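The values are calculated or read from the model by the stated rules, or taken from the named source; none is laboratory data. This structure is a prediction, so every number in the text was calculated from the model and none was measured. As a convention, Cβ positions derive from the backbone with ideal geometry for all residues, glycine included, and neighbour counts pool all protein chains shown. Just the protein is used for accessible areas: all its heavy atoms, side chains included, with ligands, DNA and RNA removed. Shrake-Rupley method; radii C 1.70, N 1.55, O 1.52, S 1.80 Å.
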Amino acid sequence: PHPLWVRSAVDLRNPFSFGDTPTRGAGRIERGATITPTQSQDPPRVSFAGDADALYTLVLTDPDVPSRRNPIKREFVHWVRCNIPGGEVERGGEEEMGGEDVYQYVGAGPPPNTGLHRYVFLLFRQDGRVEVPATQRVGMTGVGRPGFSTRRFAEEHGLGEPVGWSMFEAEYDSYCDALYATLRGK
């Protein structure tokens, strides 16, 4: 089963965990672990068991914006990768495997004095290819990320309910200042 906050944030019905998520800075992390933003700055290597003939979408989102106590600007999207073939996506290693970034990966960056933020990975099985025009894709910028709705994205692209999830938590550290500057284009 999943925590109640996951259900309230994204309305999961029958999720399964797709296992530990290795990150370059933190090593292999288990669902619910706390890491630092510094440890999450590189894209994680994520793998999951899936059908070889299916395509998947992976979303990484922060529902705690601006803080867990006051999430009035929920969500901030950190990564969306669509059209992942055959049940495996691998990022941050020597070789990238399948899929297309719709939102380029951005590591955890909770603002100062906002406590721990949850960073939730949601996995969707696609019915077919997801087509997102290049003009709607988001690179290494903060534009277009706040106010993202995983539910709306899933509805717009016919993704249905998530089939898997995982998460980690992080709290502000000094790396966040460099991340904010990058997202502002400085």
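For this structure, a couple of remarks:
- Filtering the stretch 120-148 to residues that are within 12 Å of the chain's Cα centre (by Cα), closer than 14 Å to residue 78 by Cβ and not basic (Lys, Arg) leaves 120, 121, 122, 148.
- Taking the criterion of being within 18 Å of the chain's Cα centre (by Cα), open to solvent by 20 Å² or more (accessible area, probe 1.4 Å) and among the aromatic types (Phe, Trp, Tyr), the residues of the stretch 154-186 that qualify are 172, 180.
- Residue check, residue 145 surrounded by 18 or more Cβ atoms within 10 Å (Cβ to Cβ) and either at pLDDT below 90 or of a type in the set (D, E, K, R) (or both): yes
- Hits in the stretch 60-76 - residues which are touching a helix residue (DSSP H, G or I) at 6+ places or on another chain (Cβ under 8 Å) and not basic (Lys, Arg): 61, 63, 75
- Test result for residue 151, charged (D, E, K, R) and not in a loop (DSSP other than H, G, I, E, B): yes
- Residue within the stretch 112-134 that is open to solvent by 20 Å² or more (accessible area, probe 1.4 Å), in contact with a helix residue (DSSP H, G or I) (Cβ under 9 Å, 6 or more places away or on another chain), over 22 Å from residue 43 (Cβ atoms) and outside any helix (DSSP H, G or I) present: yes
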